[in-house]
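> Attaching a single structure in structure tokens format; questions to follow.
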């Protein structure tokens, strides 16, 4: 019995070491990830606008962009962990000082992006326009207060 337990113990230990190493995200990597998610949101907003306002003929892609925005919008609340206020970031330190207000804005983003997804899925044109406007206001509200101004 002991002969079988030792290889199993070694295997479990060997597999657990990389998992423990991966569980702690370096601040620089968290910032890169945040930027990637925000860039993806921007790209989906741009694509959504092109389709929704008739600039391109891919109406069948509208649901995919709205769904992606809802998925990404739901992630915003975890993209600003402690320790990611310094480094290659456009996020202002105010985020970490005003956590309650920032969380409210992140919740607004999640809600508005979900409403957009739902309005598009229901083929509700007025609802889509209202939800898209609310999404833009969510983005702007956060960026105006918590993002460094573009140079």
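> Looking at region 70-95, which of the residues that are without any contact (Cβ under 8 Å) to a residue 12 or more places away in the chain and assigned to a loop (DSSP other than H, G, I, E, B) is surrounded by the fewest Cβ atoms within 10 Å (Cβ to Cβ)?
Restricting to residues being without any contact (Cβ under 8 Å) to a residue 12 or more places away in the chain and assigned to a loop (DSSP other than H, G, I, E, B), the top hit is 93.
> Right, here's the next one. Condition test on residue 119, is it in a helix (DSSP H, G or I), surrounded by 14 or more Cβ atoms within 10 Å (Cβ to Cβ) and more than 16 Å from the chain's Cα centre (by Cα)?
It is true that residue 119 is in a helix (DSSP H, G or I), surrounded by 14 or more Cβ atoms within 10 Å (Cβ to Cβ) and more than 16 Å from the chain's Cα centre (by Cα).
> Of the conditions (1) farther than 12 Å from residue 69 by Cβ; (2) without any contact (Cβ under 8 Å) to a residue 40 or more places away in the chain; (3) touching a helix residue (DSSP H, G or I) at 6+ places or on another chain (Cβ under 7 Å), residue 142 satisfies every one except a single condition; which number is it?
(2)
Rundown of residues vs (1) at pLDDT below 95; (2) buried (at least 17 other Cβ atoms within 10 Å of the Cβ), yes/no style:
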site: 50; (1), (2): no, no
site: 57; (1), (2): yes, no
site: 62; (1), (2): no, yes
site: 107; (1), (2): no, no
site: 114; (1), (2): no, yes
site: 124; (1), (2): no, no
site: 130; (1), (2): no, no
site: 136; (1), (2): no, no
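> Within the group 101, 75, 59, which residue is under 14 Å from residue 38 (Cα atoms) and in contact with a helix residue (DSSP H, G or I) (Cβ under 9 Å, 6 or more places away or on another chain)?
75
> Further question: Given the residues 121, 91, which is the only one that is in contact with a helix residue (DSSP H, G or I) (Cβ under 9 Å, 6 or more places away or on another chain) and over 23 Å from residue 33 (Cβ atoms)?
121
The values are calculated or read from the model by the stated rules, or taken from the named source; none is laboratory data. These numbers were taken from a predicted model, which means no experiment stands behind them. Note that we place each Cβ from the backbone using ideal geometry, even for glycine, and neighbour counts take in every protein chain shown.
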